[in-house]
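A short worksheet on the structure shown next.
The values are calculated or read from the model by the stated rules, or taken from the named source; none is laboratory data. Just so it is clear, the model here is predicted, and its values are computed rather than measured. As a convention, Cβ positions derive from the backbone with ideal geometry for all residues, glycine included, and neighbour counts pool all protein chains shown.
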Amino acid sequence: MNGFGSDIREHDAADDGSIDATARVVDPGASVISGEDERQVEVALRPRRLADFPGQPRVRDQLGLVLAAAKQRGAAPDHVLLSGPPGLGKTTLAMIVAAELERPIRVTSGPAIQHAGDLASILSSLDEGEVLFLDEIHRMSRAAEEMLYLAMEDFRVDVIVGKGPGATAIPLELPPFTVVGATTRAGLLPAPLRDRFGFTGHLDYYDVADLTTILRRSAGLLDVRSHDDAIGEIASRSRGTPRIANRLLRRVRDYAQVNHSAGHRVTLHDAREALTLFDVDEAGLDRLDRAVLSALCLRFGGGPVGLSTLAIAVGEETDTVETVAEPFLVREGFMARSPRGRVATQFAFAHLGLEPPPPGGPGTRPDMLPFDEEGTDLPAGRLGS
């Protein structure tokens, strides 16, 4: 999770004709193949201060109060936990916390801390008041989590020297510091760890007005001259996610740069043409999203259909459909999850320009295919049970 910026991905389909989920320009996750130039752009687009952070007014005001009170006391603020979907600014807020406190920040991630010794080496090198940012904190190992409990509450760790009966625990005192944890899956955090955070903020998707504000600021930083309606068009297709909005802005900038002379102001037509080129439609759906809806509406009459059957129909793994495409489709009302499987809504049919099947017609009978409670296909041995 890298704040408001992100990385460009290759936009070609897989060689076998399936849809490459890692090539999605509307993927809110960070790219693992980004170049150094893209990372620099990403960092440059991040707000530096809380006053410049657009959107999330409740979290921004609450966090500002916590930080201001701590500065007045001259003490380290309570530990901060930020949760929410990727691309909404959790990393950016962590950087802002350090900037507002005028203290350095140490950045690491849960997957990088697989042993208690890894965490002990980081904690023992922290200076007083320093901010420790733990991205994807829910993916830490259990041993590291237990060490973090003690460090966050009592500012000390017990370093184990030796093995077996001769092992000795050496207590190591730590200076006061602040942990900022970020997670996309707050429910996976154990309760003892959640309880040690004095402030918890959940980031929600942004509305079009806030995304427009973000894009105007980004356009100024990138020296992109554009009409307001072009900015509004990009914002409306950005799926409520600043990272996607900034990525689409850069692709629109590339289109205008290649197809027009220097100094050209990006128009609404430019924005629409560029987004069409990158397969992002008016609702923010890309090829994978539309393939899922098309299969659901055309092949299965709107469902219900099991997850594995739907994944086979679009040539993808079940995890890809469930974690990459489905959340946005459900949130925007294109798809619903029922005990019998995935179901297309009337909104999905209308978006594809199709007539929805009549109630009780083909494709809408609950006994079409067998499903279990999770909406996945039942093994053959359980049919008729």
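Here are some notes:
- Contact map, the stretch 338-355: first residue free of Cβ contacts under 8 Å to residues at least 24 places away in the same chain, second residue surrounded by fewer than 21 Cβ atoms within 10 Å (Cβ to Cβ) and outside any loop (DSSP other than H, G, I, E, B), Cβ cut-off under 8 Å, separation 6 or more or different chains; pairs are Thr345/Ala336; Glu355/Phe349.
- With respect to (1) in a helix (DSSP H, G or I); (2) in the same structural domain as Leu93 (by TED's automatic domain parsing); (3) in contact with a strand residue (DSSP E or B) (Cβ under 6 Å, 6 or more places away or on another chain), the lone exception for Leu134 is condition (1).
- The residue that is surrounded by the fewest Cβ atoms within 10 Å (Cβ to Cβ), among those in the stretch 249-278 that are assigned to a loop (DSSP other than H, G, I, E, B) and touching a residue at least 12 places away in the same chain (Cβ under 8 Å), is Gly263.
- Residue within the stretch 232-248 that is at positive phi and either outside any loop (DSSP other than H, G, I, E, B) or not assigned by TED's automatic domain parsing to the domain that holds Thr184 (or both) present: yes
- Filtered by the rule that a residue be in contact with a helix residue (DSSP H, G or I) (Cβ under 6 Å, 6 or more places away or on another chain) and without any contact (Cβ under 8 Å) to a residue 60 or more places away in the chain, the stretch 217-231 gives Val224, Ser226, Asp229, Ala230, Ile231.
- Gly284 being touching a residue at least 60 places away in the same chain (Cβ under 8 Å) and touching a Gly at 6+ places or on another chain (Cβ under 6 Å): no
- Within the option set Glu42, Glu38, being crowded, with 20+ Cβ neighbours inside 10 Å and either at pLDDT 85 or above or under 27 Å from Ser236 (Cα atoms) (or both) holds for one residue only, Glu42.
- Close pairs from the stretch 315-337: first within 18 Å of Ala283 (Cα to Cα) and assigned by TED's automatic domain parsing to the domain that holds Val305, partner crowded, with 19+ Cβ neighbours inside 10 Å and acidic (Asp, Glu), Cβ under 8 Å, at least 6 apart: Val324/Asp27; Ala325/Asp289; Phe328/Asp289; Leu329/Asp289; Phe334/Asp289; Met335/Glu326
- Top-ranked residue of the stretch 200-216 - restricted to ones that are touching a Leu at 6+ places or on another chain (Cβ under 8 Å) and not in a strand (DSSP E or B), ranked as surrounded by the most Cβ atoms within 10 Å (Cβ to Cβ): Leu215
- Ala151 vs. criteria out of contact with any Leu (no Cβ under 7 Å at 6 or more places or on another chain) and closer than 24 Å to Pro175 by Cβ: no
- Looking across the stretch 326-343, the residues that are closer than 16 Å to Leu298 by Cβ and either in contact with a Leu (Cβ under 7 Å, 6 or more places away or on another chain) or in a helix (DSSP H, G or I) (or both) come down to Leu329, Phe334, Met335, Arg342.
- Any strands (runs of 3 or more DSSP E) falling wholly within the stretch 148-199 and containing at least 2 residues that are modelled with pLDDT of 85 or more: 178-183
- Selection status of Ser294, assigned by TED's automatic domain parsing to the domain that holds Phe334, small (Gly, Ala, Ser) and under 17 Å from Gln346 (Cβ atoms): yes
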